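> Below is a structure I'd like to ask you about.
Each reported figure results from applying straightforward, stated rules to the coordinates on display, with no laboratory input. Given the structure is predicted, the values throughout are model-derived calculations rather than measurements. Glycine also receives a Cβ, built like all others from the backbone with ideal geometry; neighbour counts cover every protein chain displayed.
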Amino acid sequence: MDGLVLTCDHDGRLRALHRVGAGLPGLTGKPGTPFPALFGPDAVAGALDLFSGLRKSGRALDHPVSSRLVPAGMLHVSGLSDAEGMVLAVTPAPGGLPALMKALDALNPRLARRLAPLGTAVATPELPSADALFDEMTLLNNDLANTQRALAKANAELAASNEQKNRLMGMLAHDLRTPLQVVVGFAELLEQRLDGRLEATERACLERIRESSLSMRHMVEDALSLAALQAGRLRLARRPSDLAALVRRNVSMNRVLAEGKCITIELSVPERPLPMADVDPAKLDQLLNNLLSNAVKYSDRGGRIRVALSEAPGEAPGEGGGRARLRVSDDGRGIPPAELAQLFQPFARTGRLGTEGEGTMGLGLYICRSIAEGHGGRITADSAPGRGSTFTVDLPLVASSP
């Protein structure tokens, strides 16, 4: 009879491997190796079941373990746990334990005596009683109920923590916005009052103050919007608005940022007035701020940005007033195709830094998408490395009442 007898400690670590007959070529292990690892990586799950059964009931009979290390692909393991540790008999066929023990008795009588309690056992699985099954199910149900309660408590704590974080973020951003507005206002006032009396260096300092304050204000607005979006409270204060005037005013303000890199912003608006749009001017201002600051960030010094506002036909039948289309284009480095799909996700960052090392939080385009969709519109991006980027925002227009 060919087979193996393994002796292990109570933790299943191999002490010795005893071959009976020709043994089982392919199965080998060093002392200290967990015995489930002897049967190969594909057999670990079945071998661990065997180990668990031995720890629980103290014995196993003809437990099947699939293993690619033997030609038949299947082994049968019997074993027991005693005061010395664990002893396992491995045979290539079911019912081979008696023959293995007989052969072992001549080779290693002491080891055969350790296996003797298994000698008279019948290698048929014992079905658990109904009472044992009921007790096991009750135990599992109790464990599941306890886990559900713990999960509900953890979810409640997480929701409360998230709400507290959003509230704190909103408070901080709101408290930062007012002093930043003061800094921008006083910088503009000084520039106007001292016009003609400022040296080039002093004027550059004032422009840097305005530029940095505007950049920080954009970030604060994004932080406020993110807190509102995460709390599900992004509200739009809609009112009839002149989009052309809004875009002119915004471009004029963002030219301060562009001039810091000697970038030109070109503006194109239709000569014929567009219908009044039912929009939130502050949110559209924020949307355009984010698109222009990105265009400045990823354009080379001395580059050009084009902003165009036009009217597009409505996409749905009966859509009065058509749609307003706002395009912001740059001739910067462009975005790789693999990154375009994730561009409007929160905290999504491209693999690029700004042309002068500027970083990003990855919030601006996510907020642009939320604002556009909140107005019933959409935003898309068209870009490729080496040919710049164009962001297009389509918004529904509402014709002014007579």
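> For a protection proxy built on the mean count of beta-carbon atoms within 10 angstrom, sort 197-209, 259-271, 78-90 highest first, please.
78-90, 259-271, 197-209
> Right, here's the next one. Which residues does a label at Met74 reach in region 1-38, if reach means a backbone N under 17 Å from a point 7 Å past the Cα toward the Cβ?
Zone members listed by number: none at all.
> Continuing with this model, one more query. Please report the Cα spread of region 13-161 along all three principal axes, rounded to whole Å, starting with the longest.
Result, largest extent first: 70, 34, 30 Å.
> At 7 Å along Cα-to-Cβ for each site, give me the label-to-label distance between Asn141 and Arg249 in nm.
Taking the simple label geometry, Asn141 and Arg249 are separated by 6.7 nm.
> Pulled fully out, how much extra length does the chain show between Asp11 and Glu84, if you take 0.36 nm times their separation in residues and subtract their Cα-Cα distance?
Separation in residues times 0.36 nm, less the Cα-Cα distance, equals 25.1 nm.
> Let me ask you something else. What aspartates and glutamates could a cross-link reach from Lys102, if we take a straight Cα to Cα line under 18 Å and drop same-chain neighbours fewer than 8 places away?
Asp2, Asp62
> Which lysines have a Cα less than 22 Å from the Cα of Lys153, not counting those fewer than 8 places away in the same chain?
Cross-link targets: Lys165.
> With r defined as the distance between the Cβ atoms of Lys56 and Glu311 and R0 fixed at 51 Å, what FRET efficiency is calculated, to the nearest 0.05?
Efficiency, rounded to the nearest 0.05: 0.10.
> Please give the contour-minus-distance gain from Arg197 to Asn155: 0.36 nm per residue of separation, less the Cα-Cα distance, rounded to one decimal in nm.
8.9 nm
> Using the per-residue mean of other Cβ atoms lying within 10 Å as a proxy for protection, in what order, highest first, do the peptides 300-307, 274-281, 147-154 fall?
274-281, 300-307, 147-154
> Roughly speaking, what is the centre-to-centre gap between region 180-204 and region 254-291 when only Cα atoms are used, to the nearest Å?
If we compute the Cα centre of each part, the gap is 23 Å.
> What lysines does Lys56 reach when the alpha-carbon gap must be under 27 Å and sequence neighbours fewer than 8 apart in one chain are set aside?
Excluding near neighbours in sequence, the set is Lys30.
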